[in-house]
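The values are calculated or read from the model by the stated rules, or taken from the named source; none is laboratory data. Keep in mind that this is a model prediction, so the values were computed, not measured. Cβ sites come from the backbone with ideal geometry, for glycine too, and all protein chains shown count toward neighbours.
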Amino acid sequence: MFKWTVNWRFISEELFLDRKFHLILLLFHFLLLCAFFGWKWRRNSVNNSKPHMTRTNMEICRLNTNHIAYVLFTSNFIGICCSRSLHYQFYVWYYHTLPYLLWCTPFSSPFRLLLFGLIEMCWNTYPSTTISSLCLNVCHVTILIGLLYEQSKYEKNTKKISKLN
């Protein structure tokens, strides 16, 4: 119901209920998952230098716990960002992952804390307002952009090693 939404209060109820809006959100969800898979998750895995394994060269792909957490947390965050309607109880779906995600971005620590505080403020505004809803979406998009463009520690270390060789 539109009256309980936290994330899309700044759009009209007609647009919120429009089937095309739902399909656009679903399309964005799919495209973001594909973008993260292609640019971040797959390239960050330990075995990224051998994308096509042959029978004679079968190795077990060893993933570290940091990579697994990153994939799970970002995929959940993408789902949150593309949800048609978030209600107050849904904040628990990603609240505990926000510090990890924020520290995976290239932003400075004060800016990360500002984003975290703004998200908290948006979720603690009852009932949601146009401003709190818009602010929540801006914070989410900012984090997504930061996650998408931040170079992982694995990629940085690989580039350093290749420069030495």
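Here are the numbers for this structure:
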{"read-out": "Counted residues, segment 100-112 - those being in a helix (DSSP H, G or I) and either touching a His at 6+ places or on another chain (Cβ under 8 Å) or farther than 21 Å from S132 by Cβ (or both)", "value": "3"}
{"read-out": "Filter result (in contact (Cβ under 8 Å) with a residue 12 or more places away in the chain and assigned to a helix (DSSP H, G or I)) within segment 113-130", "value": "L115, F116, L118, I119, M121, C122, W123, T130"}
{"read-out": "Residue pairs meeting the criteria (Cβ under 7 Å; at least 6 apart or on separate chains; first under 23 Å from C135 (Cβ atoms), in segment 9-31; second surrounded by fewer than 11 Cβ atoms within 10 Å (Cβ to Cβ) and not hydrophobic (A, V, I, L, M, F, W, C))", "value": "R9/T130; F10/T130"}
{"read-out": "Test set (1) modelled with pLDDT of 95 or more; (2) over 19 Å from the mean Cα position of the chain (by Cα) - C139 fails condition number", "value": "(2)"}
{"read-out": "Within segment 7-56, considering residues that are in a loop (DSSP other than H, G, I, E, B) and under 18 Å from the mean Cα position of the chain (by Cα), the one modelled with the lowest pLDDT", "value": "S45"}
